[in-house]
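Below is one structure, written out as structure tokens; the observations come after it.
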Amino acid sequence: MIWANQLIQGVLLGGYYALLACGLSFMFGVMRIINLAHGSLAVVAAYLLYVVAERWEIHPLIGLVAVVPVMALFGWVLHRLVLERSARAGELVPILSTFGLAIVLDNSLFDRFGADTRSLAPYIDTLGYDSWTLPGDIILGKLPLLTLAVAVALLVGLHLLLARTALGRRIRAAAQDPDTAQLVGINARAVYAASTAIAMMTVAVAGAFMAMRATFDPYTGPQQLIFAFEAVVIGGAGSLWGTLVGGIVLGVAQSVGAQIHPQGFLIAGHVVFLVVLLARLYFAHGIRHVFRALRTRLA
Amino acid sequence: MSLLRIHGLEARHGLLSAVRGIDLEIAEGERLALVGANGAGKTTLLRTLAGIHPVSAGQIVFDGVDITALSAHQRCAAGIALVPEGRRLFPAMTVEENLLVARSAGRGGSWQVDSVLEAFPQLKPKLKALASDLSGGQQQATAIGRALMTNPRLLLLDEVSLGLSPRAVQAVYDSLRTLLETRTTIILVEQDLQRTFDVADRIVCMLEGAIVAEGRAGEMSREQVMGYYFGNRPASTTRQVTTQ
Amino acid sequence: MTTPSETGSFTVQRWTGASIAAVCLLLGAQLLLALGPLLLSANLVDRLTTLFIYGILALMWNALAGYAGLVSVGQQAFFGLGAYAAVRLADAGVSAYPALLLGAVLVALVSAPISAFMLRLRGGEFAIGMWVVAELAHLLVNLDTLVQGETGTSLIALQRYTADDRRAYTYWAALVTMAVLAWLLFFMLRGKVGAAAQAIRDNEEAAASIGIRVLPSKRLIFVLSAFGCAAAGALWVATSITFQPKTYFSVQWSAYMIFMVLVGGIGTYEGPILGAVLFFTIEALFGATGVTYLIGLGATAMLFALLLPRGIWGEVEHRLGLQLLPIGYLLKFGTADREPSGPQRKRSAAATTPATPPTDRASG
């Protein structure tokens, strides 16, 4: 039954990836920007929570109450100072500017905190390793389950925001046609800034769970970015629920790969990513239909 | 009382001059038609008024306020609404959502989803349909309705009959009749000269970015207007104003 | 090589006085540099070799981004693979220096099928997709028992040469590689490929609609860029002897390439070279400060991307209308010069308002 357990672990890992990736997916869906600083920003959030936990002994999940608004503000500033200009300058510039930002963030964190790995695990009591054991030797860790639950909750929240609220309508309109959105009185700049802020709020939560489940250091960002990106692309860029599917596929692939070979964890993930990419490009028609139907229902 | 005053307006596409030296004044409640061949600058002029095309020179004064520096959404808040060429609905949103997203938070006014549906009854069964699933006529109705939801004081209509079957055009203009009764100020760009003469109080003819002639609809002849449409220039270079 | 085409009152020129002078100067400089190992100190020769390698990387990244419009954050894939291939070939018995070239060629061959699917991606997806390819390449190379994971191995075959000989041969190899790639790019960009690349960069669909074969053009530049980066990696392992995958496959190399090209001038020909020289200088001066240096690099890249996207040379070209190396065409009207057109120029010389008003037609 070892495979069943690996499958379950893969799904739970996928929950983390979905949580990590939903901000990236959201920003791409709204602004067509892939934020290469995404992973680094999650690490920034993790360090903020670490400082809060270490200095004032506040549980990370409580610490989020302070860190989420800070990250939201950071997101707003990020948009006004960097992303807005970048998007106007053409397709290449957002990639370059966010990449530069990632380098600045990673190395600034190193400057401030040094190379030591940290973790939030010491601050969450037994949540890090508590689990339920199901028949068949299937282990359900409490933290992974909580991560998956939070991921789904955030995705539901984002979906409802987009589908039911006035802000959500404005975001969708600005995403589909920013010029015409302006014509009907939508301040596209403000809408995009709000979207970035919302994305950063999810990044804060992702950073918290990243730091609770594992260790992190100033250079953890890029690896997280790649995982998030792979989850987004596997699930279909621009689709929120696709991100959940993508995350789970990635998690399962990695877990299965780990069973096959010591290096298999990462290799399997990248291989599955490339295979899905190829499959989507060459069998575009059938798959695209399904994803478009999903997307139009959500967009 | 003049609602809109344009002085020396100029706009370009890259290096090409699309609108040059436009002086125009529109009174509240007036229906003005812009006539001219493709490339005359009519759409560019409307887009410049709405704020989605940059102004190279000149001034736009709306209700006594210089709005030249305002962005498009600010002009919408001030009361200018454009129904763009080609409708430009939000394709992945329903008709209802297209209308709701334009609902003006700040400006008071009578237009609501219900009143739009009254004016455009063809939309009632399609309220929850995606905009991309609509016929051309329904899309045009939605586009006009969407602009109305912003409770505009000045409504700019860019080629509402473009690409529509004669029946659909008829339906749109029937609905516009309700609109016309509310005395909203309208600037209309229309290729169909008959419709133009039906709707407009005043006609302005444009050629190569400049105004070459204008006059009250009742006093200009169809032949005269068609002449300007096809590129005839008036005998003198000062613009012809038919006023008798 | 002026081709006067007397249509009306303008001529089409490719070479101007300035560009002839510049090309002669460049050739002279390259010949002079070839004398390096004979005249300069060992330290200086080493440093120049590093500069040449940076120059290759900058040229190759710019070819991909500036001319094919493809921003890649994963060229370190080919850098690492080039080094790996050289090490592997040398281990299999190939002589050290030929192994460098052969390794680069092999990597270029491998890059062709990679381009088959990567080139269908656009924008950010392509950028990070290439990064994933780099990560995967890194992981696969680690599996090789010769490499022993992150421990790495060395280009032992180089021990056959004395330190002085090794230094000189590597210097010449790097100089020749950079010169060849630079001139190759130059002639490519003067020809159909350059025009095609410019068209693709401006509007891919429109380019395709006038018969430009978009995918083959992109693929050519992709493979060339892979070859160049692989050669750079092979040369790097020749200078440092050791091959540790983590160093060669690090995304740091992309950061360096992006910095050089952004600061120098993306999409220009001379820009990357300028960027390489600047980067080399900055690294020599500030590299030792560690993280602060990297933060400065990142911040500079950001500032240039946001505020000066044309880069230094791009701004110079734009303001002064200067073009030292004759890639584009110069349109001379009568006696007055117009702005040069070509891959670097965004505006076409033809898009001006008519000088005379249209003649009046009889009114109806």
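The values are calculated or read from the model by the stated rules, or taken from the named source; none is laboratory data. Remember, it's a predicted structure, so these values are computed and weren't measured experimentally. FYI the Cβ positions are ideal-geometry reconstructions off the backbone, even for glycines, and counts take in every protein chain you see.
In summary, helices (runs of 4 or more DSSP H) completely within the stretch B:1-109 and bearing 3 or more residues that are of a type in the set (Ser, Thr, Tyr) occur at B:42-50.
Scanning the stretch A:101-152 for residues that are modelled with pLDDT under 95, of a type in the set (Val, Ile, Thr) and surrounded by fewer than 20 Cβ atoms within 10 Å (Cβ to Cβ) gives A:Thr117, A:Thr126, A:Thr133, A:Ile138, A:Ile139. A single member of A:Pro94, A:Pro144 is closer than 23 Å to A:Asn35 by Cα and touching a helix residue (DSSP H, G or I) at 6+ places or on another chain (Cβ under 6 Å), and it is A:Pro94.
Being crowded, with 17+ Cβ neighbours inside 10 Å, more than 9 Å from chain A (Cβ to nearest Cβ) and part of a helix (DSSP H, G or I): is that true of C:Leu158 here? Yes, satisfied.
Identify all residues within the stretch C:186-244 that are among the polar types (S, T, N, Q), within 30 Å of C:Asn142 (Cβ to Cβ) and touching a residue at least 60 places away in the same chain (Cβ under 8 Å); write none if there are none.
Applying the first criterion (among the polar types (S, T, N, Q)) to the stretch C:186-244 yields C:198, C:203, C:209, C:217, C:225, C:239-240, C:242, C:244.
Imposing the further condition that a residue be within 30 Å of C:Asn142 (Cβ to Cβ) reduces the set to C:225, C:239-240, C:242, C:244.
Residues satisfying the conditions are C:Ser225, C:Thr239, C:Thr242, C:Gln244.
When the stretch C:38-64 is filtered for residues that are modelled with pLDDT under 90 and either buried (at least 24 other Cβ atoms within 10 Å of the Cβ) or of a type in the set (Gly, Ala, Ser) (or both), the ones remaining, listed by number, are C:Ser41, C:Ala42.
The residue list C:Gly298, C:Gly267, C:Gly287 contains one member that is more than 11 Å from chain A (Cβ to nearest Cβ) and small (Gly, Ala, Ser), which is C:Gly287. Set side by side, the residues A:Ala174, A:Ala231, A:Ala166, A:Ala208 differ, and just one is of a type in the set (Gly, Ala, Ser), within 14 Å of chain B (Cβ to nearest Cβ) and touching a residue at least 12 places away in the same chain (Cβ under 8 Å), which is A:Ala174. The selection criterion, being closer than 29 Å to C:Pro113 by Cα, more than 19 Å from the chain's Cα centre (by Cα) and surrounded by fewer than 24 Cβ atoms within 10 Å (Cβ to Cβ), holds for A:Ile260. Within the stretch B:189-222, being more than 28 Å from B:Ser175 (Cα to Cα) and of a type outside the set (Gly, Ala, Ser) holds for B:Leu207, B:Glu208, B:Ile211, B:Val212.
Evaluated against (1) assigned to a helix (DSSP H, G or I); (2) within 22 Å of A:Val51 (Cα to Cα); (3) within 14 Å of chain C (Cβ to nearest Cβ), A:Pro122 falls short on exactly one condition, (3). Any chance the stretch B:68-79 includes a residue that's away from chain A (no Cβ under 14 Å) and under 27 Å from B:Asp201 (Cα atoms)? Yes, the stretch B:68-79 has at least one match.
One residue is enough: does the stretch C:265-277 have a residue meeting the conditions under 30 Å from C:Ala195 (Cβ atoms) and surrounded by fewer than 18 Cβ atoms within 10 Å (Cβ to Cβ)? Don't jump to the end; show me each part of the working.
Initially, the stretch C:265-277 is screened for residues under 30 Å from C:Ala195 (Cβ atoms), giving C:265-277.
Retained after the next criterion (residues that are surrounded by fewer than 18 Cβ atoms within 10 Å (Cβ to Cβ)): C:277.
Yes; the residues of the stretch C:265-277 include at least one that is under 30 Å from C:Ala195 (Cβ atoms) and surrounded by fewer than 18 Cβ atoms within 10 Å (Cβ to Cβ).
Looking at C:Thr300, C:Thr268, C:Thr335, C:Thr289 in this structure, which one is under 24 Å from A:Leu92 (Cα atoms) and at pLDDT below 90? Even if it seems obvious, please write down each step before you answer.
Working: C:Thr300 fails: at pLDDT below 90; C:Thr335 fails: under 24 Å from A:Leu92 (Cα atoms); C:Thr289 fails: under 24 Å from A:Leu92 (Cα atoms).
On inspection, the qualifying residue turns out to be C:Thr268.
Before we move on, is C:Gly17 free of Cβ contacts under 8 Å to residues at least 24 places away in the same chain and not acidic (Asp, Glu)? Considered against the rule, which asks whether it is free of Cβ contacts under 8 Å to residues at least 24 places away in the same chain and not acidic (Asp, Glu), C:Gly17 comes out as yes. A Cβ distance below 8 Å, combined with a sequence gap of six or more or placement on separate chains, defines the contacts here; from the stretch A:185-197, residues that are surrounded by fewer than 23 Cβ atoms within 10 Å (Cβ to Cβ) reach residues that are in a helix (DSSP H, G or I) and of a type in the set (Phe, Trp, Tyr) in the pairs A:Ala193/A:Trp76; A:Ala194/A:Trp76; A:Ala197/A:Trp76.
For residues that are out of contact with any Gly (no Cβ under 6 Å at 6 or more places or on another chain) and either within 9 Å of chain A (Cβ to nearest Cβ) or outside any loop (DSSP other than H, G, I, E, B) (or both), tally how many sit in the stretch C:119-136. It would help to see each step written out before you state the result.
To start, the set of residues in the stretch C:119-136 that are out of contact with any Gly (no Cβ under 6 Å at 6 or more places or on another chain) comprises C:119-120, C:122-129, C:132, C:135-136.
Subset that is either within 9 Å of chain A (Cβ to nearest Cβ) or outside any loop (DSSP other than H, G, I, E, B) (or both): C:120, C:122-129, C:132, C:135-136.
Summing the residues that are out of contact with any Gly (no Cβ under 6 Å at 6 or more places or on another chain) and either within 9 Å of chain A (Cβ to nearest Cβ) or outside any loop (DSSP other than H, G, I, E, B) (or both) in the stretch C:119-136 gives 12.
For the stretch A:263-286, filtering for residues that are more than 13 Å from chain C (Cβ to nearest Cβ) and either buried (at least 17 other Cβ atoms within 10 Å of the Cβ) or closer than 15 Å to A:Leu7 by Cβ (or both) leaves 0.
How about the stretch A:127-204: which helices (runs of 4 or more DSSP H) wholly inside it have at least 3 residues that are under 14 Å from the mean Cα position of the chain (by Cα)? Correct list: A:142-164. Only a single criterion out of (1) part of a helix (DSSP H, G or I); (2) among the aliphatic types (A, V, I, L, M); (3) loosely packed, with under 15 Cβ neighbours inside 10 Å is not satisfied by B:Leu123, namely (3). In the stretch A:91-110, the residues that are facing another protein chain (nearest Cβ under 7 Å) form Cβ pairs under 9 Å with partners that are hydroxyl-bearing (Ser, Thr, Tyr) and not in a helix (DSSP H, G or I), at six or more places apart or across chains, as follows: A:Asn107/A:Tyr219; A:Phe110/A:Tyr219.
Residue by residue, here is whether (1) closer than 28 Å to C:Ala301 by Cα; (2) among the charged types (D, E, K, R); (3) in contact with an Asp or Glu (Cβ under 7 Å, 6 or more places away or on another chain) holds:
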{"site": "A:Leu49", "(1), (2), (3)": "no, no, no"}
{"site": "A:Arg55", "(1), (2), (3)": "no, yes, no"}
{"site": "A:Ile58", "(1), (2), (3)": "no, no, no"}
{"site": "A:Leu64", "(1), (2), (3)": "no, no, no"}
{"site": "A:Pro69", "(1), (2), (3)": "no, no, no"}
{"site": "A:Ala72", "(1), (2), (3)": "yes, no, no"}
{"site": "A:Leu78", "(1), (2), (3)": "yes, no, no"}
{"site": "A:Leu83", "(1), (2), (3)": "yes, no, no"}
{"site": "A:Ser86", "(1), (2), (3)": "yes, no, no"}
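Quick check on this structure: which one of B:Arg88, B:Arg103 is surrounded by fewer than 22 Cβ atoms within 10 Å (Cβ to Cβ), under 17 Å from the mean Cα position of the chain (by Cα), facing chain A (nearest Cβ under 9 Å) and within 20 Å of A:Val191 (Cα to Cα)? Outline the logic, then answer.
Details: B:Arg103 fails: under 17 Å from the mean Cα position of the chain (by Cα).
That would be B:Arg88, the only listed residue that is surrounded by fewer than 22 Cβ atoms within 10 Å (Cβ to Cβ), under 17 Å from the mean Cα position of the chain (by Cα), facing chain A (nearest Cβ under 9 Å) and within 20 Å of A:Val191 (Cα to Cα).
Cβ separations smaller than 6 Å between residues 6+ apart or across chains give the following pairs from the stretch A:124-142 residues that are touching a residue at least 24 places away in the same chain (Cβ under 8 Å) to residues that are among the aromatic types (Phe, Trp, Tyr): A:Leu140/A:Trp132.
Could you say whether any residue in the stretch C:24-37 is closer than 16 Å to C:Leu185 by Cβ and at pLDDT 90 or above?
Our first condition is that a residue be closer than 16 Å to C:Leu185 by Cβ; within the stretch C:24-37, this holds for C:26-27, C:30.
Remaining after also requiring at pLDDT 90 or above: none.
No, the conditions are met nowhere in the stretch C:24-37.
Looking at (1) assigned to a loop (DSSP other than H, G, I, E, B); (2) without any contact (Cβ under 8 Å) to a residue 24 or more places away in the chain, can you tell me which one C:Val71 breaks? So the condition that C:Val71 fails would be (2). Condition check for A:Ala204 on (1) at pLDDT 95 or above; (2) within 26 Å of A:Leu274 (Cβ to Cβ): one failure, at (2).
Quick one: is C:Val87 modelled with pLDDT under 95 and buried (at least 19 other Cβ atoms within 10 Å of the Cβ)? Yes: the conditions hold for C:Val87.
Of the residues making up the stretch B:138-155, those that are among the charged types (D, E, K, R) and either away from chain A (no Cβ under 12 Å) or not in a helix (DSSP H, G or I) (or both) number 1. Residues in the stretch B:199-235 that are acidic (Asp, Glu) and in a strand (DSSP E or B): B:Glu214 only.
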